[in-house]
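Here is the structure we will look at.
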Amino acid sequence: MIDRRVLLGAGAATASAALANAASAHTPYSGDGASEVLQAYRRLINRHDFDLLEQQVIAHDAVFVFSNLRHEGIAAIRSNFERTWSILPDEVYSMSDVVWLFSCDEHAACTLRYHYSGKTTEGRRMEGGGQGVLIFGRRQGQWRLMLEQLTPDTRRNSA
């Protein structure tokens, strides 16, 4: 299988040990706001309609980092999503093992695992995943995804 990050030109990334430590000492987040945006993200991402993500999830000045590729602002993020969907038109993307690291009135952060699968336009199957950090912020009363950083999974599988 070819890793999506490799397909999109990313190199290997170094994961932060601090992230793993922070995730192991979490308290569940039970508030509204950021968790609702995360649920909307999970619900909308597989529609492959970036307009919906822009309207309901992603901040206009957000930053998305995929291993060593950085996309700043909504136009760059849109371009990356649409490029991915053009390569994997039937991609199914999922997020699991969400751990809320902190939340307050204006910000929240969580870690998660992600998985994707699909076939390229040439019919080649692609599948992979890793770990991620999402940071949410409230702007003008609206919660939005401000940062997404995805890296290879450095955590051991729990089994």
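A 1.4 Å probe run over region 48-92, with the rest of the protein chains in place, finds 46 Å² accessible per residue.
Classify region 50-129 as rounded, prolate or oblate from the Cα gyration tensor: take a ≥ b ≥ c as the square roots of its eigenvalues, call it rounded if a/c is under 1.5, otherwise prolate when a/b beats b/c and oblate if not. It is oblate, given that a/c is not under 1.5 and a/b is not larger than b/c.
The values are calculated or read from the model by the stated rules, or taken from the named source; none is laboratory data. Bear in mind that the values here come from a model prediction, so they are computed numbers and not experimental data. Side chains are part of the model used for accessible areas, which takes the heavy atoms of the whole protein and leaves out ligands, DNA and RNA. Shrake-Rupley method; radii C 1.70, N 1.55, O 1.52, S 1.80 Å.
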